[in-house]
Amino acid sequence: MSRALPKFRLLRPESVEQALDALRATPGARLCAGGTDLIVNMRRGLVAAETLVDLSGIGDLKTIGMDESGLRIGAGVTLRDLADHAGIALSYRAISQASRAVAGPSHREAATIGGNLCQDTRCLYYNQSHWWRKSTDFCLKYRGDICHVAPRGKRCRAAFCGDLAPALMVYGAQVDIAGPKGIRRIALTDLYREDGTDYLTLGRDEIVIAVIVPPTDAASVYDKIRVRGAIDFPLAGVAVACLTTPDGAKQISIAVTGTNSRPVGIDVPPLQDREDPKAYFAALGKRMQKGVSPQRTTTIAPHYRRLSVAALAMRLARSLI
Ligand SMILES: Cc1cc2nc3c(=O)[nH]c(=O)nc-3n(C[C@H](O)[C@H](O)[C@H](O)COP(=O)(O)OP(=O)(O)OC[C@H]3O[C@@H](n4cnc5c(N)ncnc54)[C@H](O)[C@@H]3O)c2cc1C
Ligand code: SF4
């Protein structure tokens, strides 16, 4: 049985201040940007919201600024506009590639970077219809008492699967967050926590308004492993950035999505000028395997995903050396 979209009230603020007022005045209201994650989840009965605060009418959230001080992307910028931006493709290739890797072209027309960063975590036992979940007595993440992935655990292991986060993290991106006390800026990595239910550190009365990326000379790349090549969430997605230092060393940054309840940055030492690349990449592969924790949240075995992350990271890093 498919489920009709429940009734809800739609508020259409024209400024961030109006959106904050709407959140304050309506406890339980949810933000909606492109709706490509939220509306699907509402239809499946995973989100109960009587009021949605639609961010799509706020012009200030839709701008991209790029100059010598770096890149500023409004949270309401669509993934289509991000993917089409020539300057981003040239200077921040991984961001461009990650934007293009999300869903299909019609999703990217509406889907925003803010929604991509804040999208819900995913699990085989959660992203199902209501009757399917009811037949398994629901689960810890929503309405149930047990986790079917790790039955002895008390924490949901659903995976964060957004493609943009790792591509931004390898550049040391930050996010601006508007709330009742004004605007605060945090590292993008601090937007997340390792908890599949409570995966964002964002308050219910806060809005991500922009992503800030510092200027860079680093080369970068993003790619993902997925079951269906045309449209699919990442089983694992890897972003790599590589900066050559004045002494000839390669400073490598790596971040991963799809394996944990948060996007994960992996600490990697630089590849020194005269170091043996073969030994370096073998060690990098081991580091990748240790750094991620895929669980039984997809139909693909965790061990396969762990090995895939390592293989993908080694291939991408080699391509930048
Ligand atoms: C068939 C299909 C395939 C998909 N494939 C992929 C994929 O390959 N990769 C991928 O990353 N995603 C995928 N998605 C998920 C989704 O399309 C994208 O993540 C998209 O970028 C979400 O953006 P949105 O603007 O539509 O978010 P929405 O659905 O509007 O919002 C998502 C969540 O973010 C919150 N939110 C939105 N904007 C803000 C903000 N500014 N501040 C705070 N919270 C906010 C909302 O309250 C909601 O909880 C797919 C979805 C579908 C239906
Ligand atoms: S990891 Fe466990 S609690 Fe979380 S969605 Fe999956 S089954 Fe539910």
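Exposed loop sites here are GluC sites (Glu not before Pro) assigned a DSSP state other than H, G, I, E or B and surrounded by at most 15 other beta carbons within 10 Å; excluding them, the longest clear run of the chain is 69-193. Largest GNM mean-square fluctuation across 143, 133, 80, computed for the chain with C-alpha springs under 10 Å, falls on 143.
Cα-based radius of gyration for region 149-288, normalised by 2.2 N^0.38 Å, reads 1.19. Per residue of the chain, the DSSP helices (runs of n ≥ 4 H) give a summed -39500 (n - 2.57) that works out to -8000 deg cm²/dmol at 222 nm.
Note on region 1-55: with neighbouring protein chains present and a 1.4 Å probe, carbon and sulfur make up 52 percent of its accessible heavy-atom surface.
Residue 292 exposes around 0 Å² of accessible area when a 1.4 Å probe is run over every protein chain in place. Only bridges with both residues in the chain count here: give the DSSP antiparallel percent, nearest 5. Bridges in the chain that DSSP calls antiparallel: roughly 85 percent. Annotated for the chain: lysine pairs at least 8 residues apart or interchain, Cα distance under 22 Å, count 10.
Label separation (residue 247 vs residue 286): 2.4 nm, computed from points 7 Å beyond Cα along the C-beta direction. Inter-part distance, region 184-220 to region 108-167, computed on C-alpha centroids, equals 19 Å. Our summary gives the chain a relative contact order of 16 percent, counting only alpha carbon pairs under 8 angstrom and 6 or more residues apart.
Relative contact order, whole percent, for region 1-55 stands at 53, derived from Cα pairs under 8 Å and 6 or more residues apart. Computed from backbone phi, the HN-Hα couplings of region 242-248 come to 9, 10, 8, 7, x, 8, x Hz, rounded to whole numbers (Karplus: 6.51 cos²θ - 1.76 cosθ + 1.60, θ = phi - 60°; Gly and Pro given as x). Computed over the chain, the range of Cα coordinates on each principal axis works out to 63, 46, 35 Å, biggest value leading.
Of the residues 93, 226, 122, the one that moves most in a GNM of the chain with alpha-carbon contacts below 10 Å is 226.
So how do 94-100, 163-169 stack up, highest first, on mean other-Cβ count within 10 Å?
163-169, 94-100
Positive-end ranking of 175, 309, 76 along the dipole of the chain, with charges on Cβ about the Cα centre, is headed by 309.
The values are calculated or read from the model by the stated rules, or taken from the named source; none is laboratory data. Owing to the predicted nature of the structure, the values given are computational and were not obtained by experimental measurement. With ideal geometry, Cβ positions are generated from the backbone for all residues, glycine too; neighbour counts draw on all protein chains shown. Note: accessible area is taken over every heavy atom of the protein model, side chains too, but ligands, DNA and RNA are not part of it. Shrake-Rupley method; radii C 1.70, N 1.55, O 1.52, S 1.80 Å.
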